[in-house]
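Beneath this line is the structure, given in C-alpha cells, with notes to follow.
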Amino acid sequence: EMFLQRVAAENLGRELAVAPVDLEIGEFRLVGTLNGLHEEGLLLLRFGPLRGRDLLAAWISHLVANALQPETVTRIVAADTIRIFAGADGGPGLDRLLELHAEGCCRPLPLFVEPAFAFARQEASGRGRTLPLEKAIQLYRCRLEDGYEPEWRLLYGETPPAEVLDEEFFELCRELMCSLWRSADVR
C-alpha cells in the first residue's frame, strides 16, 4: 500500500499506450517498444531496493523516451528511493551505449553493473568507512560466491577480484554508473 501511495504521489497522469521505437543511431538501428509512458513523463517501478541494472535501464529508457518526445522526465520509484532523470546530460548517450554493447558482443567488457553501482554510491556518499574500491570488490565476491553471476565464474574462474576490477572497469564505472548516479535527482 505504501509503495502504491508513493507511486500515486508522483502524479504523472494517465498511462499512455506502448510507444513503438525505430531509431537510427549512428551505424545502429534501435527497434522495439517503450512502455511506462504517462502524460507527465516516464515511470519505471522497482518493488525492491534500487539496483544498478535498474538505474542503467532507466537511463536507456530515458534516452529513448527523449528521442521520441524531447524533454520527457523519467522517474524510477523503488522501495528505497525515487530517482529522477530530467535531462539527457550527465550520462553517456545512446550512441556510446550501443558502441559498448557491440564491443561487449565481441569480447567480455569488465562492466560489472552491480559492483559499479556499489562503487558509485559509495563514492558519492563520501562518508563511509569502506573505500569505493573495497565496496565494489565486496559486492563482486558476494555475487560470485552466492551464484548470482555464474558467467563471471566461467569467464574469470579464480582470478582475484582486484585483477578483474581493473583500470578499464574503473573507467567504465565512472563513465556510466558514477555519472548516472550523480545526474539522477533524488526525491
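The values are calculated or read from the model by the stated rules, or taken from the named source; none is laboratory data. Just so it is clear, the structure is predicted and the values come from calculations on it, not from any experiment. Heads up, the Cβs are rebuilt from the backbone with ideal geometry, glycines too, and the neighbour counts pull from every protein chain shown. For accessibility, only protein heavy atoms count, side chains too; no ligands or nucleic acids. Shrake-Rupley method; radii C 1.70, N 1.55, O 1.52, S 1.80 Å.
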Whether any residue in segment 100-115 is farther than 30 Å from PHE28 by Cα, at pLDDT 95 or above, out of contact with any Phe, Trp or Tyr (no Cβ under 7 Å at 6 or more places or on another chain) and of a type outside the set (D, E, K, R) is what I want to check. no
Would you mind stating whether PRO92 is in contact with a helix residue (DSSP H, G or I) (Cβ under 9 Å, 6 or more places away or on another chain), surrounded by fewer than 17 Cβ atoms within 10 Å (Cβ to Cβ) and outside any helix (DSSP H, G or I)? no
Matching residues in segment 31-81 (under 15 Å from SER183 (Cβ atoms) and assigned to a strand (DSSP E or B)) number 3
Does segment 179-187 contain at least one residue that is in contact with a Ser or Thr (Cβ under 7 Å, 6 or more places away or on another chain), in contact (Cβ under 8 Å) with a residue 24 or more places away in the chain and not in a helix (DSSP H, G or I)? yes
Flagged pairs (Cβ under 6 angstrom, 6 or more apart or on separate chains; first in segment 81-101, over 12 Å from VAL64 (Cα atoms); second assigned to a loop (DSSP other than H, G, I, E, B) and of a type in the set (D, E, K, R)) are ILE82/ARG187
Within segment 124-169, which helices (runs of 4 or more DSSP H) (wholly inside it) include 1 or more residues that are open to solvent by 100 Å² or more (accessible area, probe 1.4 Å) and farther than 21 Å from ARG107 by Cβ? 132-145
Conditions first: (1) open to solvent by less than 50 Å² (accessible area, probe 1.4 Å); (2) part of a loop (DSSP other than H, G, I, E, B); (3) over 25 Å from ALA67 (Cα atoms). ALA120 passes all but one, so which condition is the exception? (2)
For GLU103, the lone unmet condition from (1) farther than 19 Å from VAL164 by Cα; (2) assigned to a helix (DSSP H, G or I); (3) open to solvent by 30 Å² or more (accessible area, probe 1.4 Å) is (1)
Among the residues of segment 38-46, is any farther than 28 Å from PRO115 by Cα and either open to solvent by less than 80 Å² (accessible area, probe 1.4 Å) or of a type in the set (Val, Ile, Thr) (or both)? yes
